[in-house]
Amino acid sequence: MTHLLIRLFIKNHENVKNSKVRDDYGRMASVTGITTNTLLSLAKILIGLIANSIAIVADGVNNFTDATSSIIMLIGFKIASKPSDEKHPYGHARVEYITGVIVSMLIMVLGFQLFLTSIEKIRNPEPLEFSYLSAAILFLAILVKFWQSRFYRIIGELIHSGTIKATSTDSRNDVIATSMVLLGLLIYHWTGIQLDGLLGGMVALFIMYSGIQLILETSGPLLGLAPN
């Protein structure tokens, strides 16, 4: 499906060294992220409120943050595509690295907030309202996020974009986070054991670790890392 979208929406898609084509790739990736993440966010927050699950609501807020990251990425690609001028003789391409750092920091902030929410959930557990519809929506969200991760990874490798590769990693983290939320919901339904807080804390720590790794990766070129 990714290659079909590329052929449909990007002219001269094979000429990835062209700045206009590269900007088109970034714009398509950003708009796709804004659309899918907004829909996922609304769906998860709604079922989270219905199921009385803080973990599901937090996962929905996570997707809303992803949509915000996609907006930042869209702005970053737009600015980075500007030609060089008197004040910027080497162009504006490094703006893309700055947006990559911003996305990575958002990942860390999200992980920390999820960790605090999970601690509160452990201290004050509340009964959940299980429904097969909620489980089905979470499973569908996992599939969408898995596709998103592959979608961003393919485009990131095609145009050698650290920002889009970072977003791919974020989507992969979302697959893990939502899977843990779904697992906790199913365990509660089958056994009555409340694991939302514990599973959420484990996911939060993993997300924060990934955020640190991404900051190191995307900030390297800004600190003078030699090009390949």
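In this structure, the pairs whose alpha-carbon distance is over 20 Å, taken from Lys44/Lys165; Lys20/Lys82; Lys44/Lys121; Lys78/Lys165; Lys121/Lys145; Lys145/Lys165, are Lys44/Lys165; Lys121/Lys145.
Just so you know, the Cα atoms of region 97-228 work out to an Rg and Dmax of 17.0, 55 Å. For region 54-168, the alpha carbon convex hull comes to 96 Å³ per residue, rounded to a whole number. A 1.4 Å probe run over the protein chains yields, for the chain, 53 Å² of accessible area per residue, whole-number rounding. Measure nothing fancy, just the Cα-based angle from helix 95-123's long axis to the longest principal axis of the chain, in degrees from 0 to 90, nearest 10. Roughly 10 degrees between the two axes. Around Lys44, with a cut-off of 13 angstrom between Cβ atoms, what is the net charge of the other residues, counting Lys and Arg +1 and Asp and Glu -1? With Lys, Arg at +1 and Asp, Glu at -1, the net is -2. Here the accessible area is traced with a 1.4 Å probe on the protein chains. For region 113-228, carbon and sulfur cover 69 percent of it.
Relative to one another, the C-alpha centroids of region 1-59 and region 156-215 are positioned 17 Å apart. The peptide list 183-195, 48-60, put in order of mean Cβ contacts within 10 Å with the highest first, becomes 48-60, 183-195. Ranked by the mean number of other Cβ atoms within 10 Å per residue, highest first, peptides 61-68, 123-130 order as 61-68, 123-130. Share of carbon and sulfur in the accessible area of region 21-61 stands at 81%, probe radius 1.4 Å.
With the biggest extent put first, the Cα atoms of region 1-110 measure 55, 34, 14 Å across the principal axes. Contact order, relative form, for region 122-218: 30 percent (alpha carbon pairs under 8 Å, 6 or more residues apart, mean separation divided by residue count). What trypsin sites (Lys or Arg not before Pro) does region 1-88 have in DSSP loop regions with at most 11 other beta carbons within 10 Å? Of the trypsin sites (Lys or Arg not before Pro), the ones in loops of region 1-88 whose Cβ has at most 11 other Cβ atoms within 10 Å are Lys11, Lys17, Lys87.
For Rg and Dmax of the Cα atoms in Å, the listed values are [x] 21.7, 71; [y] 19.6, 59; [z] 19.0, 67; which was obtained by calculation from the structure presented? Of the listed options [x] 21.7, 71; [y] 19.6, 59; [z] 19.0, 67, [z] comes from this structure. Helix-only arithmetic for the chain: the sum of -39500 (n - 2.57) across DSSP H runs with n ≥ 4, divided by the residue total, places the mean residue ellipticity at 222 nm at -28000 deg cm²/dmol. Using Cα atoms only, what is the angle between the long axis of helix 19-51 and the major principal axis of the chain, expressed in degrees (0 to 90) to the nearest 10? Taking Cα atoms only, the helix is inclined about 10 degrees.
Put simply, when 150-163, 203-216 are sorted by average Cβ atoms within 10 angstrom per residue, most first, you get 150-163, 203-216. Across the chain, Cα pairs under 8 Å and at least six residues apart give a relative contact order of 24 percent.
The values are calculated or read from the model by the stated rules, or taken from the named source; none is laboratory data. Keep in mind it's a predicted model, so treat the numbers as computed, not measured. In this analysis, Cβ positions are derived from the backbone assuming ideal geometry, glycine residues included, and neighbour counts consider all displayed protein chains. What goes into the accessible areas is simple: the full protein's heavy atoms, side chains included, and nothing from ligands, DNA or RNA. Shrake-Rupley method; radii C 1.70, N 1.55, O 1.52, S 1.80 Å.
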